[in-house]
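Comments concern the structure below.
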Amino acid sequence: MNAGDVIPEGRLWRIADPQRIGPGAPSFALRRFSVCLGEIPKRAQLRSRKMSQKSERRAIHVDQSELLCKKGCGYYGNPAWHGFCSKCWREEYQKARQKQIQEDRELAERLQREEEAAYASSQGAQGGQSSLTFSKFEEKKSNEKTRKVTTVKKFFTGSSKNLPKKDIKEAKAPSPSINRQISVETDRASKEFIEFLKTYQKAGHDVYKQCKIFLEAMHLKKEYNIEEQSEFTQDFYQNTADKLQMNWKLSPDKVETAMDQIEKFLMTRLYKNVFCPEFTDDEKKDLAIQKRIRALHWVTLQMLCVPVNEVIPEVSDLVVKAITDIIEMDSKRIPRDKLTCITQCSKNIFNAIKITKDEPASADDFLPTLIYIVLKANPPRLQSNIQYITRFCNPSRLMTGEDGYYFTNLCCAIAFIEKLDAHSLNLSEEEFSRYMSGQASPKKQDSDSWQEDACPGVKQMHRNMDLLSQLSERQERIANGARQLEKDLIDWTDEVSRGVQDIVQKYPLHIQNPSQALAAIDSENIEDDRLPPPLQPQVYAG
């Protein structure tokens, strides 16, 4: 736009600030302002002056390449997998595990050789031990070595292909935990799964058989750590999908549908055992993020540069729906259903942004809005749900598609909340500390500046919040005055006590003993005995 071009009245322009563009600066560092040729209303002038006085805020930005697997495979990564996708993370995990097993085996062999050498030298110095004793020693050491290697392998083994044959045979025996009385939801899921597999004929029968074996094997692995159970489940998903596609020649769509049903059938039964297990720190993380979000209740839309106008009734309803969806995630038992709640929440966010801006929402608008929704919702057991999805969801859903995209953004939002500081919100350290400690709260929007078509409920809510803020400030002033009065009274009492003590020290009071004993008041009257007696009443008979 040149200097001589005509600017349409009331049109909003976005012009990049050249000072903000540089290494490390956001790619969309823009400054918004409106220019009108006609007469600008008084309220709009006041709003424009307020906007011009504010320093430009640095919006939250995550480049789309940062959401992808850092190995460059093209799938979505995940912070729980250190930036890798499910496939690449399993490969890296297998490499690290094999390396650890090899190192432990080499260490065991080296220690074995050192012990044998030390024993041989001691036997040579003593000059004689029977060959039978040495053979027993060799047998004992061999058993010790085998036991160490087997223990190390058992600790790191989690896939079904490394499962011992003995365990597979024992898995066919009925387990008390599997045969226990199942819930209504589990019974319904089992019936739906059986009805679904009937359409797959022989393939369905094979899938059902493999699922039963998997459940029994998971029962045997209930003493293992949760990561090994997750690895075992992911291996089962991958092997089952490959078998359906390779052996039974099913189309990718049918394989995906079958995997969704398999996940529903399995996780409905395993939910109580694998969701937030007692031997993990998931509950501790839940409490930490819940406390963190509760401490950030004062964060406003403006601080996060959220392009959502809650005074619009339709937008306000969408925000409430998004908050409800993210909270409802905890009530679901299947990872796919939890992902559906995240996806529905994200779609409501996009619709709210679209209505506010009257144009399609961008990814740069979505992430700060998602952070705001999470802060306002404070979902229960947030970290446990994220970990549960990461560990036991069908990996194809997390690596591709809209479910994977929205889930990755949610993980980024949680990571941002955990590391949120004054610089992230364009605040000073003093302001951030006062807000976090509750000594102050951000100034709310003036009730008189609302538009005429604003939602009455939202306006009343903000008026009530302003009144509560004023009452809180008044109460704080009264409390400070009472504390100051108490301090003044204590200081005054101390000052009076010091003054009296100084006077007593300066003018001491001496009490002298009397020279003679005190006498009665009439002791000097010697003629008191000759005084007439007092008059006494006389009785006359008349």
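The values are calculated or read from the model by the stated rules, or taken from the named source; none is laboratory data. Note that the coordinates shown come from a computational prediction; the quantities given were computed from them, not determined experimentally. Quick reminder, even Gly has a Cβ in these numbers, built from the backbone with ideal geometry, and neighbours come from all protein chains shown. With ligands, DNA and RNA removed, areas are computed over all heavy atoms of the protein, side chains included. Shrake-Rupley method; radii C 1.70, N 1.55, O 1.52, S 1.80 Å.
For segment 303-418, the solvent-accessible area of protein heavy atoms averages 31 Å² per residue (probe radius 1.4 Å; ligands and nucleic acids excluded). Rolling a 1.4 Å probe over the protein chains gives Asp502 an accessible area of about 90 Å².
For segment 278-405, the alpha-carbon radius of gyration amounts to 1.08 times the rule-of-thumb value 2.2 N^0.38 Å expected for a compact globular protein. Using a cut-off of 31 Å between Cα atoms, the listed pairs Lys221/Lys347; Lys191/Lys222; Lys332/Lys357; Lys71/Lys347; Lys221/Lys376; Lys71/Lys254 include Lys221/Lys347; Lys332/Lys357; Lys221/Lys376 as exceeding that distance.
Computed from the Kirkwood radius of its Cα pairs, the Stokes-Einstein diffusion coefficient for segment 354-430 at 20 °C and 1.002 mPa s stands at 150 µm²/s.
Surface composition of segment 223-381: carbon plus sulfur atoms hold 50% of the accessible area, using a 1.4 angstrom probe and ignoring ligands, DNA and RNA. Count Lys and Arg as plus one, Asp and Glu as minus one, and take only other residues whose Cβ is under 12 Å from that of Glu495; the net charge is then -3. Counting only protein chain heavy atoms and rolling a 1.4 Å probe, the accessible areas of Phe265, Phe350 rank, largest first, as Phe350, Phe265. Heavy-atom accessible surface of Glu109, to the nearest 10 Å², is about 60 Å², with a 1.4 Å probe and all protein chains retained.
The string of couplings for segment 431-439 from the Karplus curve (6.51, -1.76, 1.60, θ = phi - 60°) is 5, 4, 5, 5, 5, 5, 7, x, 6 Hz, one whole number per residue in order, with x for Gly and Pro.
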